[in-house]
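Remarks on the structure that follows.
The values are calculated or read from the model by the stated rules, or taken from the named source; none is laboratory data. Predicted model only: the values in this text are computed from it and were never measured. Cβ placement follows ideal geometry from the backbone for every residue including glycine, while neighbour counts extend to all protein chains displayed. Side chains are part of the model used for accessible areas, which takes the heavy atoms of the whole protein and leaves out ligands, DNA and RNA. Shrake-Rupley method; radii C 1.70, N 1.55, O 1.52, S 1.80 Å.
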Amino acid sequence: MVDSRNSARAERYVLVLYYSRTGSIAQLAREIAHGCEKAGVPARLRTVPPVSPVSEATASAVPDNGAPYCSAADFAGCSALALGSPTRFGNMAAPLKYFIDQTSEQWMAGAMIGKPAAVFTSTSSLHGGQESTLLSMMLPLLHHGMLITGIPYSEKGLLQTTGGGTPYGASHMAGTDNMTRPDVHETALARALGERLARLALTLGTTSGE
């Protein structure tokens, strides 16, 4: 998985962009990245800083651990995008929404038009808003002109899972203590989504800078 801080280097890659508080989304992101790389496309893991109600609060330029923060160049230069967030009242978390709200320049330039995209999420409970969150995350990507892909029912895990995993995107049920790691079906579906996304990028011929 590509974790280099030099995001300006031109290459074909899938941007796996996420916000994670307890690690569940970060784990799903890594599984999606594995799927991308199985299909032969490098994955670039990126996150976003938290937001604060205190206007003068600022985050360090580089996270203490985990994936680097996403830059405008990371976003515009990707061949495909996987967007992940925990559920917040049936919607994406504010930090990820804040980042997306800053992408007007890329929208005006049409930088994301025709590139494939997918979404993923995690909740504490089985019916905690996974599908509404996934659907709401698709909306700004559609405005960017991206091509949304989900998980087809040829993936048998969709019919076998008792936790996360939807046709709208990968998902995970973390439990009320947020300590449950993705199970075998959730992991397989996340990897399948990454592989599908990468293969679409190859088929469409999307490259950085397009």
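Numbers for the structure displayed
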read-out	value
Positions within the stretch 73-93 being out of contact with any Ser or Thr (no Cβ under 7 Å at 6 or more places or on another chain) and at pLDDT 95 or above, in sequence order	Ala76, Leu81, Ala82, Leu83
Residue selected from the stretch 181-192 under the condition assigned to a loop (DSSP other than H, G, I, E, B) and touching a residue at least 40 places away in the same chain (Cβ under 8 Å), by the criterion nearest to Thr149 (Cα to Cα)	Pro182
Residues of the stretch 142-180 that turn out to be of a type in the set (A, V, I, L, M, F, W, C), in a loop (DSSP other than H, G, I, E, B) and buried (at least 20 other Cβ atoms within 10 Å of the Cβ), as a count	3
Single residue of Thr149, Thr123, Thr166, Thr176 found to be β-branched (Val, Ile, Thr) and over 17 Å from the mean Cα position of the chain (by Cα)	Thr176
Breaking point among (1) out of contact with any Gly (no Cβ under 8 Å at 6 or more places or on another chain); (2) touching a residue at least 40 places away in the same chain (Cβ under 8 Å); (3) among the hydroxyl-bearing types (Ser, Thr, Tyr); (4) more than 16 Å from Leu17 (Cα to Cα), for Ser104	(2)
Qualifying residue in the stretch 34-50 (condition: at pLDDT below 95 and either within 19 Å of Gly165 (Cβ to Cβ) or among the charged types (D, E, K, R) (or both))	no
Segments classed as strands (runs of 3 or more DSSP E), wholly inside the stretch 19-134, with at least 2 members that are open to solvent by less than 10 Å² (accessible area, probe 1.4 Å) and either among the β-branched types (Val, Ile, Thr) or out of contact with any Leu (no Cβ under 9 Å at 6 or more places or on another chain) (or both)	116-123
Scope the stretch 74-105; condition out of contact with any strand residue (DSSP E or B) (no Cβ under 9 Å at 6 or more places or on another chain) and under 23 Å from Gly150 (Cβ atoms); matching residues	Arg88, Phe89, Gly90, Thr103
